[in-house]
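A quick write-up on the structure given underneath.
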DNA sequence: CACTTCCGTAAGCCATAGCTAACCGTAAGC
DNA sequence: GCTTACGGTTAGCTATGGCTTACGGAAGTG
């Protein structure tokens, strides 16, 4: 259920901005906060959520922490999406070919 | 900003269950609700959100509506994730090769 | 034409999540 | 040693969002 926390983390617009900002390269917390519409503590909180979801990682450099995107969480999210992508696309193609056919699952339960 | 609504839609656990349930094949609202821990109107509300995010589509069949996964929203989400995936993976590989190198972005602003 | 089934919508309630302000620890500089 | 920069944590407020109950409308059935 790791993809759940990733989806939840990326759902918030501000937090997604933090993440997208890191997509352009690693950055310190202060630099990250500067240019975002929220206070620095808020950015820290967002980073915590993103870190727990495996979406970012930190490197300490003196007194500052350099955050970067962590491929691990991204990989899990990608795998989850792909799983639906394949089957959905298959179903879509099948429906285009046979617009009025139900495979086998027709009939009311109860 | 279409991927935003998709991420927001899939963030909620119950709504994600609805979506995942549709991953196994199209289903009516009643069937969908039966087996989920919430009431049928709640499922309807979730389906509305998913539909507005382009993640599901409906086919009317008499008085019942058959919902299925819509590839469109999924495609947009996939594209967004992949965009980060590529650059993050590149950066990751680069860091493994040169663990203590900063490309060019070092120096304090302000 | 009742009557039933299926489902979307509205109103209202309550828990959660994001924000700010204040505080504290840690590392560097003098 | 003191002081400053950096950033994580807490407390408390408010808004958002998901849930249920109640209602209404549309399509099949007799």
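Since every read-out is calculated from the coordinates, none of them should be taken as a lab result. Note that the coordinates shown come from a computational prediction; the quantities given were computed from them, not determined experimentally. With ideal geometry, Cβ positions are generated from the backbone for all residues, glycine too; neighbour counts draw on all protein chains shown.
Considering only B:26, B:71, B:37, the mean-square fluctuation computed in a Gaussian network model of chain B, springs between alpha carbons under 10 angstrom, is largest for B:37.
Estimated from helical segments only, the mean residue ellipticity of chain B at 222 nm is -18500 deg cm²/dmol, where each DSSP H run of four or more residues counts as -39500 (n - 2.57).
Look at the alpha carbon pairs under 8 Å that are at least 6 residues apart: their mean separation over the length of chain A gives a relative contact order of 27 percent.
Note the angle between two axes, namely the Cα long axis of helix A:13-22 and the longest principal axis of the Cα atoms of chain A, as a number of degrees from 0 to 90, rounded to the nearest 10. Taking the Cα atoms of chain A, the angle to A:13-22 is about 70 degrees. Label-to-label distance for residue A:40 and residue B:90 is 3.2 nm, based on points extended 7 Å past Cα in the beta-carbon direction. Of all chain B residues, the closest to the B-onto-A rotation axis by Cβ, with that distance in whole Å, is B:11, 2. Among rounded, prolate and oblate, which fits chain A when a ≥ b ≥ c are the square roots of the eigenvalues of its C-alpha gyration tensor, a/c under 1.5 means rounded, and a/b larger than b/c means prolate? Note, shape of chain A comes out prolate. Does anyone have the angle between helix A:2-11 and the longest principal axis of chain A? Alpha-carbon axes, 0 to 90°, nearest 10? Here the helix axis deviates by roughly 70 degrees.
Residue B:60 label point (Cα plus 7 Å toward Cβ) to equivalent points in the other copies: 6.3 nm, shortest first.
Taking a ≥ b ≥ c as the square roots of the eigenvalues of the Cα gyration tensor, the protein assembly as shown is classed as prolate, since a/c reaches at least 1.5 and a/b is larger than b/c. Mind pulling the angle between the C-alpha long axis of helix B:71-97 and the longest principal axis of chain B? Nearest 10 degrees, somewhere in 0 to 90. In chain B, helix B:71-97 runs at an angle near 20 degrees to the longest axis. The other copies place their residue B:95 label points at 4.1 nm from this one, listed shortest first, where each point is 7 Å from Cα along Cα→Cβ. Applying 0.36 nm per residue to the separation of residue B:82 and residue B:2 and subtracting their alpha-carbon distance, the gain on full extension is 27.3 nm. Here is how far apart the residue A:25 label points are across copies: 5.3 nm, shortest first, using a point 7 Å from Cα toward Cβ.
GNM remark for chain B: springs join alpha carbons under 10 Å apart, and the peak mean-square fluctuation among B:87, B:14, B:63 falls on B:63.
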